[in-house]
Amino acid sequence: MKQINLEEKNLLKEYFTCGTMKSDELESIVKEMKKEKVLQKHPYQITPPIKDGGRWMTYIQDTEVNKRVKITSYTEDGIYQKLYNIYFPVKKETLEILYPLWVEKRKGMNLSSRTIQRNRNHWEKYYEKAKIIRKSIDRITVDDIEGFFHGCISEYDLTKKELDNMKLIFKDLMKYAKKKGLILSNPYDDVEIKLNGCKPPNNPKDESRVYLPEEKEKLFRQLNKRLMQMPYETDAYVVFLLFKLGLRIGEAVALKWSDIDWEAREIHIHRMESRVEDENGKLKVAICEYTKKKSPAGDRYLPLSDYEINLFQTVKRINEEAGYSDGDFIFCDKEGRTKIREVDNCIRAQCRRAGIEVKSTHDIRRTVASEMRRKKVEIEDIQWSLGHNDEATTRTYILNNQGKQKTSRQIVNALSGMNGSDVLMRTQNSRNEKSPEAF
């Protein structure tokens, strides 16, 4: 087979891309290319059959037993295909093989360790035992993908949100496979997943996601009681600060004295405690010089009132008297810098002692956002204060933090001027006067 020039190569590429080449033409070209590659490597003669119905025959050197082994086929194409498979074995690329490379690629994209770990958890739970990840990528069909996801919906009773989270892995792996040239077209693009079988999301009531006024007051009383008993324990002051600034808990425990501008009365939020991979691939607690998702919106300066200024001055005095120190970090104890785990344990323990439902530090952020909105603070200002990238996220934090009964009273009172019938009211009053309960 003669060598083709660059122009002919481009023409051949165009045929492939446009799909204008006839199938028998393409098959013929592929066979000739395989035959030439075999002849370049094969040292033995390939002999045709001596009589009709006979076989094509040749030999290959078996290195394991150090002798020649006969190879036969009834057709010329067949024997060249066998030899091609021996000299040029096809490497079976699968999602299972591609997954570790994909993970490394994502690490290079500056994604957080928690995101990478969430991907790993989904892979282990939904993918590791699935047959589809061991199938050659170029043989995966639309039906294969749809069958896999519909099976997961049924087996794991997935919500739409969880389905979307675990689908990301498959979608991105197939996209990655196409970029690497392992597939010419991506079957995932034509996939349609029926969501009928997805479990409805469990939407918790607003009251369970924020601290109601009476819960907040009970928690504050319990925290102050704790401070009376243990005046050098500064975890309570972290909680008080969360209720004032609406910080992420990881941002609060990463605050340093150098972040405070006492003269301008503001504090710079630009780092957080997180979990990052060590040299062995295990997650460890560390302070990172960025906020959640490494978002520019997280880097912000928040104003400080007299309350927060006094709080920081009190913590400074406690640190000096108790000998607490860990570099420039504000919140410390005898073991060093206060960790997320310690503050979280404090909140849970004090909620239980206060006799209220145990709620998280993130519920404090929702409470702060909801209270700001109730006091007519603009959405974009709340978004800035919380360090959110977009307004849509901030809106999910604004809930009813007053409780159902108070809200019901406010609605009734607000609509009291909308009564349209005096006769109706007089009739109702007459009934009330005749009712035995009136006496």
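The values are calculated or read from the model by the stated rules, or taken from the named source; none is laboratory data. Please read these numbers as outputs of a predicted model, since none were measured by experiment. Counting neighbours? That spans all protein chains shown, and the Cβs are built from the backbone with ideal geometry, glycine included. In case anyone asks, the SASA skips ligands and DNA or RNA and just uses the protein heavy atoms, side chains included. Shrake-Rupley method; radii C 1.70, N 1.55, O 1.52, S 1.80 Å.
Observations on the structure shown:
- Residue within segment 209-221 that is without any contact (Cβ under 8 Å) to a residue 60 or more places away in the chain and in a helix (DSSP H, G or I) present: yes
- Of the numbered criteria (1) of a type in the set (D, E, K, R); (2) part of a loop (DSSP other than H, G, I, E, B); (3) open to solvent by 30 Å² or more (accessible area, probe 1.4 Å), the one residue 409 fails is (2).
- Matching residues, segment 188-213, being more than 21 Å from residue 158 (Cβ to Cβ) and open to solvent by less than 60 Å² (accessible area, probe 1.4 Å): 206, 207, 208, 210, 211, 212, 213
- When residue 365 is tested against (1) surrounded by 19 or more Cβ atoms within 10 Å (Cβ to Cβ); (2) touching a helix residue (DSSP H, G or I) at 6+ places or on another chain (Cβ under 6 Å), exactly one condition is not met: (2).
- Selection of first residues in segment 370-395 that are closer than 18 Å to residue 299 by Cα and of second residues that are of a type in the set (Phe, Trp, Tyr), restricted to Cβ pairs under 7 Å at least 6 apart or on distinct chains, gives the following pairs, ordered by first then second residue: 386/397.
- Count - residues of segment 36-60 that are in contact (Cβ under 8 Å) with a residue 12 or more places away in the chain and closer than 17 Å to residue 89 by Cβ: 5
- Unmet requirement for residue 183, which otherwise passes all of (1) among the hydrophobic types (A, V, I, L, M, F, W, C); (2) exposed (fewer than 15 other Cβ atoms within 10 Å of the Cβ); (3) not in a helix (DSSP H, G or I): (2)
- Of residues in segment 116-134 being of a type in the set (A, V, I, L, M, F, W, C) and assigned to a helix (DSSP H, G or I), the one modelled with the lowest pLDDT: 116
- Selection count, segment 245-278, where residues are open to solvent by 50 Å² or more (accessible area, probe 1.4 Å) and under 19 Å from the mean Cα position of the chain (by Cα): 2
- For segment 135-153, the set of residues classified as outside any helix (DSSP H, G or I), surrounded by fewer than 16 Cβ atoms within 10 Å (Cβ to Cβ) and either out of contact with any Lys or Arg (no Cβ under 7 Å at 6 or more places or on another chain) or modelled with pLDDT of 95 or more (or both) consists of 141 only.
- Residues of segment 40-85 that turn out to be among the hydroxyl-bearing types (Ser, Thr, Tyr), open to solvent by 100 Å² or more (accessible area, probe 1.4 Å) and either under 21 Å from residue 30 (Cβ atoms) or touching a helix residue (DSSP H, G or I) at 6+ places or on another chain (Cβ under 7 Å) (or both), as a count: 1
- Count - residues of segment 313-358 that are aromatic (Phe, Trp, Tyr) and surrounded by fewer than 18 Cβ atoms within 10 Å (Cβ to Cβ): 0
- Of all residues in segment 279-296, those that are open to solvent by less than 100 Å² (accessible area, probe 1.4 Å) and part of a loop (DSSP other than H, G, I, E, B) total 4.
- Restricting attention to segment 169-183, the residues that are at pLDDT 95 or above and farther than 15 Å from residue 140 by Cβ total 0.
- Identity of the residue in segment 34-73, β-branched (Val, Ile, Thr) and not in a strand (DSSP E or B), that ends up farthest from the chain's Cα centre (by Cα): 50
- The condition (being among the acidic types (Asp, Glu), modelled with pLDDT under 95 and under 30 Å from residue 306 (Cβ atoms)) is satisfied by just one residue among 251, 217, 233: 233.
- All positions within segment 186-206 that are out of contact with any Lys or Arg (no Cβ under 8 Å at 6 or more places or on another chain), outside any loop (DSSP other than H, G, I, E, B) and in contact (Cβ under 8 Å) with a residue 40 or more places away in the chain: 187, 190, 199, 206
- Exactly one residue out of 269, 287, 347 is touching a residue at least 60 places away in the same chain (Cβ under 8 Å) and over 25 Å from residue 401 (Cα atoms), and it is 269.
- Entirely in segment 297-374, the helices (runs of 4 or more DSSP H) that have 1 or more residues that are under 25 Å from the mean Cα position of the chain (by Cα) and within 30 Å of residue 399 (Cα to Cα): 340-354, 361-374
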